[in-house]
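A short write-up of the structure that comes next.
The values are calculated or read from the model by the stated rules, or taken from the named source; none is laboratory data. It should be emphasised that the depicted structure is a prediction, and the values quoted were computed from it without experimental measurement. Here the Cβ is made from the backbone with ideal geometry for all residues, glycine too, and neighbour counts use every protein chain on show.
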Amino acid sequence: MSELAILGGPKTRTEAYPAWPVWDQRDIDAVTEVIKSGRWGGYPYPGPKTAELAKKFAELQGGGYAVPMTNGTITMEVALRAAGIGWGDEVIVPAYTFQATASAPMGAGAIPVIVDVDPNTYCLDAKAAEKAITPKTKAIIPVHLGSNMADMDAIMALAEKHNLIVIEDCAHAHGAKWNGQGAGTIGHFGSFSLQSSKTLTSGEGGILLCKSAEHAALAASIIDCGRPHALGGGGEDYETGLAIQGGNFRISELQAAMALVGIERFPEQAKQREEMAAYMDEALSEIPGVRVMKRDERHTTRSFYRYIFAVDPAQFGVEHDVLCGALDSEGIDCWVGYEAMHNYELFQPQKSKLAVPNAFPQYFDFKNMNLPEATRACEHEAVWLDEAIFRAGPNGVDDAVAAIKKIQRNAEELNKAAEELRKKHGK
């Protein structure tokens, strides 16, 4: 019998990793309180739970004016609109991220300009971004990806030099810090998701951190059907008082109540993940063909949605997708990660009916794009490990590492089986 579980052998880990999301009586009590209050939705905005969430989330991240809203995609679109960025303006985004980072600018009428990533972190490469700047460039959206942060020193210097708005996509970075400063408080805006798989969740929801009270008031107006707002302690000086096109993108009081309980748990969970990630770094660094993502010393507090490492298929012995399939069978929760942005059919004019790609097809000529680092990461290298592994203590990490080593020992047998499967299905 083969040693590999995917080929009929025993699993490395038979015990399930800790479930997510975590809940207890506090969640039930918080939701019950809101139900009994009769104020379930988000109107009038902000409700008492939403206002409390805004205050406590800003404290968690260490600054800014927080505007809770319906999800972590609309947060980026609202940030662009609050900054006056719209039709025909260019917004730089990284090639390795979820499609929302590029679709949000399109929602505001702007054009996402895709640039390559830094191979050491898989985050946006500031040098590649600078080469993409034109007179139409108005903003840049760095994504703090997996367990790393983008080089915010370089990005802010670039923004200052070219007068750009910076919107940090922090969907993976609740609690992370750069030079001791919270993710989302460095740029002009920080976009956070509270979607059910995120490390701080209310099922659905998002929070936009704004550096200025004026931007916070504008953002609140946009998500509250255009009603004037004076959030952030700005008083009448910052009340919009303008005719603003808005919609109902408010978070509900039920979601805000659940997020508040999540904030109570978050510091302990984040500390545990960070400690176990350091343990994982050390263990993986000893495996030939495995590359641990470089940790910048300025990334002073690590917080993550998924832990990412890279494999060199030639040295490790198998491609990353084959490794991930085998790891799943061994009981280790993992994923190959996002598709490279230029491969998304969503952004290709000939395959979609979206207004922006069809109005500006010259920006979406992907055949002539050169994005080698993102392509290599997506098609050959990247392995994403589930955060639950890091809430299972040292044993959870040890099992993952043991499974990776087991797969490498049996790489030849695994590759042979994979090749036979491809031939069978004509791939």
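Here are the numbers for this structure:
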| quantity | calculated |
| --- | --- |
| Qualifying residues in segment 73-114 (those that are out of contact with any Gly (no Cβ under 6 Å at 6 or more places or on another chain) and acidic (D, E)) - the one surrounded by the most Cβ atoms within 10 Å (Cβ to Cβ) | E90 |
| Check on F390, buried (at least 22 other Cβ atoms within 10 Å of the Cβ), among the aromatic types (F, W, Y) and assigned to a helix (DSSP H, G or I) | yes |
| One residue from V401, V397, V383 being more than 23 Å from the chain's Cα centre (by Cα) and not assigned by TED's automatic domain parsing to the domain that holds Y96 | V401 |
| Meets criteria (in a loop (DSSP other than H, G, I, E, B), modelled with pLDDT of 95 or more and within 18 Å of G247 (Cα to Cα)) for G72 | yes |
| Qualifying strands (runs of 3 or more DSSP E) (wholly inside segment 133-221; at least 1 residues being more than 16 Å from the chain's Cα centre (by Cα) and within 23 Å of G246 (Cβ to Cβ)) | 137-140, 165-169, 206-210 |
